[in-house]
1. In percent, what relative contact order does the chain have, based on Cα pairs under 8 Å that are 6 or more apart in sequence?
2. Of 103, 280, 73, how do they rank once you tally other Cβ atoms within 10 Å and put the fewest first?
3. Could you line up 274, 188, 164, 183 from fewest to most neighbouring Cβ atoms inside 10 Å?
4. For the chain, modelled as a Gaussian network with Cα springs under 10 Å, which listed residue fluctuates most, 82, 196, 276?
5. Anyone know which of 19, 354, 30 comes out most mobile in the 10 Å Cα GNM of the chain?
6. Classify the chain: rounded, prolate or oblate, from the alpha-carbon gyration tensor (a ≥ b ≥ c, eigenvalue square roots; a/c under 1.5 rounded; otherwise prolate if a/b is larger than b/c)?
7. Along the Cα→Cβ direction, 7 angstrom out, place labels at residue 317 and residue 269. What is the inter-label distance in nm?
8. Running a GNM on the chain with Cα contacts under 10 Å, which residue among 278, 94, 330 ends up with the highest mean-square fluctuation?
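Just so it is clear, none of the values below were taken in a lab; they were calculated from the coordinates. Just so it is clear, the structure is predicted and the values come from calculations on it, not from any experiment. Cβ atoms come from the backbone with ideal geometry, glycine included; neighbour counts cover every protein chain shown.
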C-alpha cells in the first residue's frame, strides 16, 4: 500500500512518519510521500528523521492525491480548519483516509464526508490514538462489564508546552479558527465516550485569549464543562501553557468518579525519571511514542501512537483484501470513524458556539 502524507509538521515528525517507516520496513506499506506547501517544512522533517526516507512533494495536495493510484492511503495532518477540504479531495481521488483529530468542526461536514466515503466504499479513520492506550482499553472492558457503575463526575487536563506558541501554530491557531478545547480537549471527550458508551449532550467552554509572538490572538486557555447522556459532568482544562522546563513533555490526566468506585489515569507521570549529565530532569513517556532498539540491531516504534497508525493501516489492507467490512469496523468501535464518533463533531461545534458567546451552555442535541 502506498501512502501520501499531506502535511509535514510536528505530529508527522513525532508519530506519523516513524510509524509509517516501520510499517514500510515490515512490508505493510511501500512508498511514502510527504506533501507540504513550503520547502522548509520538508527540509525540517528530513533533518529530524534522516534515517526515514520519503518522497518530498511541493505540488498542491489535490494534484498529489490525484496522482496516487486508487484505493491507497492518504494521511491528513493539517490544521483543523483545512481537514474538510483535504479529506473530501482524498475521497474524490478514491483514497482511504487517516485524519488527525478532530475530523472536522461541524456535524454537516462529518455527514458529507461519511456519505462520500460510503458511496465509494472507502474508510475514513480519525486518529484518536488514546483509544489504543492500554489504560483506555482496560477501562473500556470494565465499564462494559458494569464494574464501575454509573459515571458521575470527572476532571481531565491536557496542557501542551508553551513552546508551541513559537511554532507554526501562531499562523493558524487563531480565535477565528480553533481553540485549546477543540484541538486538545477532544481527546478526553472522545475517550470518555469510548470507554463508557455515554454520549455528550451539552457543553460550555470559557476561553481566555492570549497572544502569540507574531501578535495573532488565540483561545490558548480553555475550561470546558461537558454534560453526558446520564447526567454526568466532565470538566476539561486545556492550554498551550505547560512550562517548557517542566519535567514531562506536557501535563495530562483523567479522573472519573462513579458509583462507589473511581478511575484515575495519571498520564503525566509514566514511571520514569531521568536526571542527565546536561543538568536536565525529565519524565519521558514510553507509552505514547518512543523508538527502541530491536534484537536485529534496528529500531522500532512502541506505544499507543504507533499502535493507532498500525491498526488503521492494517485495516485498510484488510478492507481491500475482503477480510473485513466497513460495517464491522464501524460496529467494533476501536477505530474512530465519522459514523461511530460523530459526537465529537457535535461537541466541537457546540463548543465553538459557546466560547464565542462567553461560555454559555449549548446543547449538542440541537445540532443533530
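1. On the way: 760 pairs, mean separation 69.1, N = 368.
Computed over the chain, the figure is 19 percent.
2. On the way: 103 30, 280 10, 73 24.
So the ranking, lowest neighbour count to highest, is 280, 73, 103.
3. Values: 274 10, 188 28, 164 21, 183 25.
Going from sparsest to densest Cβ surroundings: 274, 164, 183, 188.
4. Of 82, 196, 276, the Gaussian network model singles out 276 as fluctuating most.
5. Most flexible of the set in this elastic network: 30.
6. On the way: a/c = 1.29, a/b = 1.17, b/c = 1.10.
Here the chain falls in the rounded category.
7. Going from the residue 317 label point to the residue 269 one covers 4.0 nm.
8. 278
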